[in-house]
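One structure is given here, and the rest of the page talks about it.
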Ligand SMILES: [Zn+2]
């Protein structure tokens, strides 16, 4: 009997969908690829410390690569409809 399928066979079809739900924001200071993950439909702007807009950002995330604190402003979220 050969009823057992390797688990990888079912995971494979789901992987591409998951990746499309997130996008990566690059760090504006050191240009590393991934400062933070955001929703795929979220539009964000990033500011380095001292830049105009930094003080009024919505979120702050410390870059794991350059250790700068990056301000993130959420501009809007595209609607699903
Ligand atoms: Zn950085």
Within the stretch 28-48, can you find the residues that are within 16 Å of the ligand (Cβ to nearest atom), under 9 Å from the mean Cα position of the chain (by Cα) and in a loop (DSSP other than H, G, I, E, B)?
34, 35
Check residue 25 against each of (1) loosely packed, with under 12 Cβ neighbours inside 10 Å; (2) within 13 Å of the ligand (Cβ to nearest atom) and name the one condition it does not meet.
(1)
How many residues are exposed (fewer than 12 other Cβ atoms within 10 Å of the Cβ) and away from the ligand (no atom under 14 Å from the Cβ) if we restrict to the stretch 52-72?
4
Out of (1) within 20 Å of the chain's Cα centre (by Cα); (2) more than 15 Å from the ligand (Cβ to nearest atom); (3) modelled with pLDDT of 95 or more; (4) in a loop (DSSP other than H, G, I, E, B), the one residue 80 does not meet is (3)
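The values are calculated or read from the model by the stated rules, or taken from the named source; none is laboratory data. These numbers were taken from a predicted model, which means no experiment stands behind them. Using ideal geometry, Cβ is built from the backbone for each residue, glycine included, and neighbour counts are taken over all protein chains shown.
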